[in-house]
Amino acid sequence: MSTSNETLFIQHFGNEESRTLNYYLNQMNGYTALKKALGMKPDQLIEEVKASNLRGRGGAGFPTGVKWGFIPKQSDRPKYVVINADESEPGTFKDRDIMRYTPFLLLEGMVITGHAIGSNVGYIYIRGEYTREAKLLNEAIQTAYDRGYLGKNIQGTGFDFDVTVHRGAGAYICGEETALLNSLEGKRGEPRVKPPFPAIEGAFRGPTVVNNVETIANLPFIVNRGGKWFSDLGNLPGSGGTRLVGVSGHVKKPGLYEFGAGGVTIRELIYDYCGGILGDKKLKAVIPGGSSSPVLRADEIDVILDIEPLQKIGSMLGTASVMVVSEDYNVVQLLRRMIHFYAHESCGQCTPCREGSQWMEDIVKKILRGQGREEDIDLLEDIASNIDGKTLCALGEAVAWPVQSFVKKFRPDFEAFIRGGAHA
Amino acid sequence: MAKVLSDQFYSVMKKLEPRYPNKVALMLPALHAAQEEMGWLPPESLDEIADYIGCHPAQVREVASFYTMYNLKPVGKHHIKICTNVACCLRGAYDLVDHCEKKLGIKVGQTTDDRKFTLHEEECLGACGTAPAMMLDDDYHENLDTTRLDELLDSME
Ligand SMILES: Cc1cc2nc3c(=O)[nH]c(=O)nc-3n(C[C@H](O)[C@H](O)[C@H](O)COP(=O)(O)O)c2cc1C
């Protein structure tokens with residue numbers, strides 16, 4: 001149980017100084033974890049990460065130590081550390097600040113990961129739009145090479161590690177880990193059939209760990225202060241560390257916040273930290289974990305913002321990106337915009353996702369025009385349930401879940417358009 | 001085949017080669033580098049990239065056409081991309097789009113007659129806490145309103 005209000009990241013954000021190596025070395029104990037980690041056996045390191053209860057920050061919340069444990073010890077092919085910096089789930093904007101204000105946390109974390117799984121090669125797959133962030137990362141990488149924190153024989157330890165920034169080019173689907181790997185290999189970003197999972201056959205067919213930026217940026221803290229300490233930063237069993245929480249939409253103070261995992265309810269977040277709803281209006285809806293997470297009504301916000309509590313009420317923490325919608329916003333219109341995104345970003349491989357998302361957008365548009373029929377609401381649910389679980393990757397669920405939850409929770413809003421016409 | 005890509009392109013690629021286990025992996029970096037110097041990706045540049053990588057030109061087209069950032073048609077001197085995804089939409093992104101369309105006399109997807117501006121709607125830029133946001137060429141601009149948008153566009157050469 002957490003007793004502290006300690007934060008790890010947010011105090012360094014917004015400060016240009018913090019991205020320099022000197023700041024990292026002097027103000028953040030930079031690169032002390034690396035020496036410690038390289039003195040540990042890989043298995044010991046993996047055990048420490050398991051004990052930390054660090055869970056993936058990319059959306060699925062998978063325990064990081066467990067994921068690393070799947071990597072085979074022996075491999076004929078090189079192993080890879082791949083960082084998912086695609087950050088494209090709508091509502092999510094945390095990895096950008098880690099990369100532009102504390103890039104060395106990520107770079108040190110990558111070397112530690114390399115040692116844990118026996119890899120000497122890392123890639124950071126960054127979304128194409130983050131041009132400036134890619135440049136800052138490349139500058140930090142160059143500094144790390146110049147000062148012996150990357151490259152051959154890092155700090156005289158005999159361990160080698162290389163990092164390359166690989167820019168994406170505008171495709172949401174490349175955040176899905178196997179699509180990302182195809183894109184890294186110079187192909188279209190189409191998800192792969194699993195198994196084999198990346199841990200067995202990932203980048204260039206070698207065993208590969210794919211982790212989110214925030215996940216890996218936590219490692220220097222875990223190594224320096226121990227798995228138990230990190231686990232105790234969280235407030236619920238099995239969920240360690242702090243969470244960077246992004247709040248956007250109709251609140252007075254949108255932006256990034258950081259709490260011990262499970263340290264805040266959505267109500268507290270909105271009203272105590274973000275100053276309440278714009279114009280002191282009433283709350284209509286909250287999307288708690290990036291736009292693919294099922295929507296919550298105003299009467300559901302006393303839930304603790306963490307993995308298990310949200311799962312229990314049928315939603316998900318996802319990327320801890322909370323989007324807030326006030327009472328006078330048209331949620332049917334909002335759903336249309338969300339479906340449009342997923343329809344546009346569907347890679348097209350799986351029929352249910354490719355056709356279903358487009359079809360659902362057409363139906364919602366029709367409803368908005370005042371031409372909907374009562375049956376259309378059931379049809380939306382029917383199409384969504386025929387996408388859910390029937391596609392190669394979770395983009396299918398990402399479009400099905402918002403539709404299912406909006407229809408379930410805001411049915412009267414849809415009916416008003418159907419019965420009252422376009423000006424409902 | 002007359003070369004369209006510069007020596008600079010080839011020297012950037014040479015530096016990247018040792019970073020990847022094979023040449024096909026240089027596909028995205030090569031497309032980015034080519035677009036950076038040409039502003040878009042004319043067909044000859046795609047053929048030349050195929051030649052450099054040692055693959056069929058169709059393979060380069062297949063990849064280039066998958067990603068929205070690769071311009072397979074010429075764009076204006078300045079590329080305006082306004083995010084209209086959820087967070088920006090909640091903060092008035094469509095007012096910005098309407099304003100731009102009126103001001104420039106073009107619709108989304110079009111380029112002005114003087115080829116100065118191309119306007120696009122963009123999917124989530126990852127700047128939701130400072131919405132509404134847009135990209136103007138390589139730069140992000142956040143917490144926008146129409147006044148700030150006017151200032152920005154008027155200041156472009
Ligand atoms: C459609 C789709 C988009 C995704 N986008 C991202 C993303 O932008 N960033 C990210 O870290 N994970 C994303 N993920 C999750 C990744 O597939 C993967 O689970 C994650 O990178 C694993 O890292 P973690 O265990 O550290 O969270 C996405 C998944 C799906 C299905």
Could you list which residues have their amide H under 5 Å from that of A:Gly91, counting only those 5 or more apart in sequence or on another chain, with H placed in the peptide plane? B:Ala87, B:Gly126
Restricting to segment B:29-157, compute how many DSSP beta bridges are antiparallel as a %, nearest 5. 55 percent
Given charges at beta-carbon only (K, R positive; D, E negative), |dipole| of the protein assembly as shown in Debye: 1060 debye
Over 18 Å between Cα atoms: which of B:Lys14/B:Lys77; B:Lys73/B:Lys116; A:Lys35/A:Lys152; A:Lys41/A:Lys73; A:Lys253/A:Lys408; A:Lys284/A:Lys409 fall into that group? B:Lys14/B:Lys77; A:Lys253/A:Lys408
Before rounding to the nearest 500, sum -39500 (n - 2.57) across all DSSP H runs of length at least 4 in chain A and divide by the residue total; then give [θ] at 222 nm in deg cm²/dmol. -12000 deg cm²/dmol
Convex hull per residue volume in Å³, alpha carbons only, for segment A:65-135: 110 Å³
Fewest to most neighbouring Cβ within 10 Å: what's the order for A:Met316, A:Met323? A:Met316, A:Met323
Let's see if you can work this out: charge +1 on each Lys and Arg Cβ, -1 on each Asp and Glu Cβ, no other charges. What is the dipole magnitude of segment B:7-66 about its Cα centre, in debye to the nearest 20? 320 debye
Cβ density ranking, 10 Å radius, fewest first, applied to A:Trp401, A:Trp229 yields A:Trp229, A:Trp401
When you look at the Cβ of every residue in B:20-33, what mean number of other chain Cβ atoms sits within 10 Å? 5
If I model chain B as equal point scatterers sitting on the Cα atoms and use the Debye formula, what is log10 I(q)/I(0) at q = 0.14 Å⁻¹? -0.78
Report the Cys residues of chain B lacking a disulfide-compatible partner, meaning no second Cys Cβ under 4.7 Å from their Cβ. B:Cys55, B:Cys89, B:Cys100, B:Cys124, B:Cys128
The alpha-carbon center of segment A:153-208 and that of segment A:340-379 are separated, in whole Å, by 32 Å
Check A:Thr164: other-chain or 5+ apart residues with amide H under 5 Å from its amide H, H built from backbone geometry? A:Gly122, A:Tyr123, A:Ile124
Starting from 0 in steps of 5 Å, tell me what percent of the Cα-Cα pairs of segment B:7-66 lands in each bin. 4, 19, 35, 26, 13, 2
Quick one: net charge around B:Ser155, please, counting Lys, Arg +1 and Asp, Glu -1 for every other residue with C-beta under 14 Å from its C-beta. -2
Inverting the mean 1/r over all pairs of different Cα atoms, compute the Kirkwood radius of segment A:240-373 and quote it in Å. 15.9 Å
Counting other C-beta atoms within 10 Å, which of A:His115, B:His99 has the fewest, and how do the rest follow? B:His99, A:His115
How much net charge surrounds A:Val209 when only other residues with a Cβ under 13 Å from its Cβ are counted (Lys, Arg +1; Asp, Glu -1)? 0
If amide hydrogens are placed 1.01 Å from N in the peptide plane, which non-local residues have theirs closer than 5 Å to the one on A:Val264? A:Leu305
State the answer as a single residue: which of A:Ile313, A:Leu25, A:Ser291 lies farthest towards the positive end of the charge dipole of the protein assembly as shown, with beta carbon charges of +1 for Lys and Arg and -1 for Asp and Glu, about the Cα centre. A:Leu25
Each residue of A:185-191 has, on average, a number of other protein chain C-beta atoms within 10 Å of its C-beta equal to 6
For segment A:279-285, what does the Karplus curve 6.51 cos²θ - 1.76 cosθ + 1.60, with θ = phi - 60°, yield as ³J(HN,Hα) per residue in whole Hz, taken in order and with x for Gly and Pro? x, 6, 7, 7, 7, 9, 8
Over segment B:78-154, what portion of Cα pair distances is larger than 21 Å, expressed as a whole percent? 15 percent
Stokes-Einstein translational diffusion, chain A - Kirkwood Rh over all Cα pairs, 1.567 mPa s, 4 °C, in µm²/s: 58 µm²/s
Note on chain A: helices (DSSP H) long enough, at least 20 Å by alpha carbon along their axis, and hydrophobic enough, mean Kyte-Doolittle at least 1.0, are A:103-117
Within 10 Å of each Cβ in A:264-274, how many Cβ atoms from other chains are there, averaged over the peptide? 0
Less than 15 Å Cβ to Cβ from A:Arg19, Lys/Arg counted +1 and Asp/Glu -1: what total charge do the surrounding residues give? -2
Pairing the Cα long axis of helix B:43-53 with the longest principal axis of chain B, what angle in degrees results, from 0 to 90 and rounded to the nearest 10? 50 degrees
How far is helix B:93-104 tilted off the main Cα axis of chain B, in degrees rounded to 10, range 0 to 90? 80 degrees
On the first, second and third principal axes, largest extent first, how far apart are the outermost C-alpha atoms of segment A:92-224 in Å? 41, 31, 26
Quick one: which of A:367-374, A:170-177, B:27-34 comes out on top by average Cβ neighbours within 10 Å, and what's the full order, highest first? A:170-177, B:27-34, A:367-374
What's the FRET efficiency of B:Lys3 with A:Gln27 using the Cβ-Cβ distance as r and R₀ = 56 Å, to the nearest 0.05? 0.70
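Read the figures in this text as sums done on the coordinates, not as results from a lab. Predicted, not measured: the structure shown is a model, and the values here were computed from it. Every residue, glycine as well, gets a Cβ built from its backbone with ideal geometry; the counts of neighbours run over all protein chains shown.
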